[in-house]
Amino acid sequence: MYKMRKLKVFYEDEDILVCQKPMGVPSQGDKTRNPDMVTLVKKYIFDHGRTEGEPYVALVHRLDRPVGGIMVFALNEEAAANLSGQMLDGVFHKSYQAVLTGELSEEEGIMSDYLLRDGKTNTSKVVKKGTKGAKKAELSYEVLDVIETEAGLLSYVLIELITGRHHQIRVQCAGRGAGIYGDTKYNPKFRNTKKTYKQIGLYATRIEFLHPATGEKMVFKTEPEGEAFELLDVEEI
């Protein structure tokens, strides 16, 4: 029996709910039928007496299952449409902190690639421009520190998404020889490990958007959690 987690909420009103997604919890229901974030948010709203029927909860952005961090959910159709529009218009900003195995060639810059998603294997890969079905993926990054640890040389990196593609950060970093710590899907150093990682060294630590009803600028931050960040003994930035 999968234990239902207690939801950590940062902010809520009649339009949105901002909360923390634990590592290992899917953003929405999948074939495992484990409790997902949409289910957890609905349960939270119902348990707090905010509705008598099934709550309206819309997923406007996702985090990969092994990734933790801040998420915002829309609680009505108008808010969902507004936030989705902000995503498309580049108004909605998402920042991550990551632990990479190895070093990047430059201390800061833009990663730009074309990614092709394979729905059968639920993976993406870097392909040549012009490949049928490929989408451009861009992110900006800054290396905060490079540390020699018992697990080898690790890079502590701040990342901001410019586009939002499937497994984008994981694929682009791995393609440069510095995959995400613990990523059994894309990092060769972990791909053949016997340990099944329910968490990886990637955490959504900041989101910024406009409130869908008031237009007020909303910014939420949290500190990264998980094994990878404990290896670095990360201090608040």
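The values are calculated or read from the model by the stated rules, or taken from the named source; none is laboratory data. As the structure is a computational prediction, the values presented were derived from the model and not from experiment. Here the Cβ positions follow ideal geometry from the backbone for every residue, glycine too, while neighbour counts run over all protein chains shown. The protein model used for the area step is the full one, side chains on, heavy atoms only, and it has no ligands, DNA or RNA in it. Shrake-Rupley method; radii C 1.70, N 1.55, O 1.52, S 1.80 Å.
Given R0 = 30 Å, the distance between the Cβ atoms of Thr214 and Glu107 translates into a calculated FRET efficiency of 0.20.
Can you give me the % of accessible surface on the stretch 1-118 that is carbon or sulfur? Probe 1.4 Å, all protein chains present, nothing else counted. Percent of accessible area from carbon and sulfur atoms in the stretch 1-118: 47. Each residue of the stretch 205-213 is assigned a 3J(HN,Hα), and the resulting list reads 9, 8, 10, 9, 7, 9, 4, x, 9 Hz, derived from the Karplus form 6.51 cos²θ - 1.76 cosθ + 1.60 (θ = phi - 60°), x at Gly and Pro. Excluding the site residues themselves, the longest part of the chain lacking any trypsin sites (Lys or Arg not before Pro) in a DSSP loop with at most 10 other Cβ atoms within 10 Å is 34-119. Placing R0 at 25 angstrom, the Cβ-Cβ distance between His93 and Val146 gives a FRET efficiency of 0.45 after rounding to 0.05. Annotation: per residue accessible area for the chain equals 55 Å², rounded to a whole number [probe 1.4 Å, protein chains only]. Restricting the stretch 38-115 to GluC sites (Glu not before Pro) that sit in a DSSP loop and have at most 12 other Cβ atoms within 10 Å of their own Cβ leaves Glu52, Glu106. May I ask you to list the GluC sites (Glu not before Pro) in the stretch 127-188 that are in a DSSP loop and have at most 11 other Cβ atoms within 10 Å of their Cβ? Taking the stretch 127-188 and a limit of 11 other Cβ atoms within 10 Å, the loop GluC sites (Glu not before Pro) found are Glu150. Here the extension length gained between Asp233 and Phe46 equals 63.5 nm, from 0.36 nm per residue of separation less the Cα-Cα distance. For the stretch 43-135, the mean projected area of the C-alpha convex hull, equal to one quarter of the hull surface, is 9.7 nm². For the chain, the equivalent ellipsoid derived from the alpha-carbon gyration tensor has semi-axes of 30, 20, 18 Å in decreasing order. Among the listed pairs Lys136/Lys221; Lys120/Lys185; Lys31/Lys185; Lys8/Lys198; Lys120/Lys198; Lys120/Lys221, those with a Cα-Cα distance over 26 Å are Lys136/Lys221; Lys120/Lys221. Rounded to the nearest 10 degrees, the inclination of helix 37-47 to the longest alpha-carbon principal axis of the chain is 30 degrees.
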